1. Taking the simple approach of a point 7 Å from Cα along Cα-to-Cβ for both residue 39 and residue 53, what is their distance in nm?
2. How far apart, in nm, are the 7 Å Cα→Cβ label points at residue 92 and residue 16?
3. Give, in nm to one decimal, the length gained when the segment between residue 26 and residue 73 is fully stretched (0.36 nm per residue of separation minus the Cα-Cα distance).
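Coordinate-derived values only; no laboratory data. Every value quoted in this text rests on a predicted model; they were computed, and no experiment measured them. Note: ideal-geometry Cβ built from the backbone for every residue, glycine included; neighbour counts use all protein chains shown.
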């Protein structure tokens, strides 16, 4: 299924959480912190301004971004079967683009 965001919304695939601590202890799913980093999968057309024009989105598909801890709404990708793997968020929830 293809998800196409509307307006200034962005679809991001969250990176997988670390399963092991620096000391080598394996963490259960309930103890893992949700990463605040992910890859942009799709972007909307941009925010609609008062004069009727669209302000384009600043990020592009394929970029890696950092976002706020509680950004967006989680979406379960039926192909992955992982909860919270896909986020649909507003552009304002993105803090930075990461060069890797």
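1. Output for this residue pair reads 3.5 nm.
2. Placing both labels 7 Å along Cα→Cβ, they lie 3.5 nm apart.
3. 14.1 nm
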